[in-house]
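Please read the structure below before turning to the comments.
The values are calculated or read from the model by the stated rules, or taken from the named source; none is laboratory data. Just so it is clear, the structure is predicted and the values come from calculations on it, not from any experiment. Here the Cβ positions follow ideal geometry from the backbone for every residue, glycine too, while neighbour counts run over all protein chains shown. When the accessible area is computed, the model is the full protein with side chains, heavy atoms only, and any ligands, DNA or RNA have been set aside. Shrake-Rupley method; radii C 1.70, N 1.55, O 1.52, S 1.80 Å.
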Amino acid sequence: MRTVRGGGEHEVEIKKSRFLCSLARVDDEDAARAFIAERRKLHWNATHNCTAYILGEHRDIQRSNDDGEPAGTAGLPMLEVLRHRDLTDTVAVVTRYFGGTKLGVGGLIRAYGNAVGQAVDAIGVVEFRSMAIVSVITDYTQAGRLESVLRGSAYGVEDTRYTEVVTFQVLVPEGQEARFTDWVAERTGGAASVAEVEHRLVEVDPTVADPTSRPAPGTGD
């Protein structure tokens, strides 16, 4: 799953018409509609407030609206950009203040699509990946060295707990649990134990290399 990093606005000007694209992350259709209503209220005097949104893990809810622009020249190209970027749980509103020069059908399609595309680029995208939350348990004599190794690896240390032993909560890509366990055993000489806690979707930056795409440091692969 991919969605925008957060809410934000980006403006482009084409032949003196201003196109303000506002993006937001939303959980459901009510939230998408509320955001659209808010933008239309804020820009009540705009020529058009065109909209598009995609919702759901499988992107099964997709809506668009041309708000008075010629049919298929605004909402649909906005929606196509969201589809092309594989985004979901995302709503886009492009507010147009007419500058006096007509753009034509092709010009409108490009303008509304570009407004959304540039806004996505400016605001950024995050990805949700299924990760295993794994506990790595060791004694205090091994903890410092193990923490250094973990933090220097492709795996993410989410939390560290100090009780009678030291427990590191580590994010491991789903499907890599057995490999991670072997890696820990190799790096600690079997002095640490590994226990899987749970699985959940974790928000990550898609521009950062996926740990599954390369061997974890120290494996010798």
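Values for this structure:
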| quantity | calculated |
| --- | --- |
| Under 19 Å from the residue 37 label point (7 Å along Cα→beta-carbon), backbone N, segment 85-119 | 90-94 |
| Karplus-derived HN-Hα couplings along segment 35-44 (A = 6.51, B = -1.76, C = 1.60, θ = phi - 60°), whole Hz, x at Gly and Pro | 5, 4, 4, 5, 5, 5, 5, 5, 10, 5 |
| Sites residue 45 and residue 205, calculated FRET efficiency, Cβ-Cβ separation with R0 35 Å, nearest 0.05 | 0.40 |
| Mean residue ellipticity (222 nm) of the chain, computed from DSSP H runs ≥ 4 via -39,500 (n - 2.57), nearest 500 | -10000 deg cm²/dmol |
| Carbon and sulfur %, accessible surface of segment 138-212 computed with the full protein complex present, 1.4 Å | 48 percent |
| Phi to ³J(HN,Hα) by Karplus 6.51 cos²θ - 1.76 cosθ + 1.60 over segment 9-20, Hz, x for Gly, Pro | 9, 9, 10, 10, 10, 10, 6, 6, 8, 9, 10, 9 |
| Calculated FRET value between residue 157 and residue 179, using beta carbons and R₀ = 30 Å, to 0.05 | 0.95 |
| DSSP bridge pairs, segment 1-104: antiparallel proportion in percent, nearest 5 | 95 percent |
| Förster radius 41 Å - calculated FRET efficiency between residue 97 and residue 30 (Cβ-Cβ, nearest 0.05) | 0.90 |
| Nonlocal amide H pairs with residue 17, under 5 Å, H built at 1.01 Å | 99 |
| Correct choice for semi-axes √(5λ) of the Cα gyration tensor in Å that was computed from the model, options (i) 39, 24, 15; (ii) 28, 21, 16; (iii) 48, 16, 14 | (iii) |
| Percent RCO, i.e. relative contact order, over segment 42-181, from Cα pairs under 8 Å lying at least 6 residues apart | 19 percent |
| Solvent-accessible area per residue, Å², over the chain with all protein chains present [probe radius 1.4 Å] | 50 Å² |
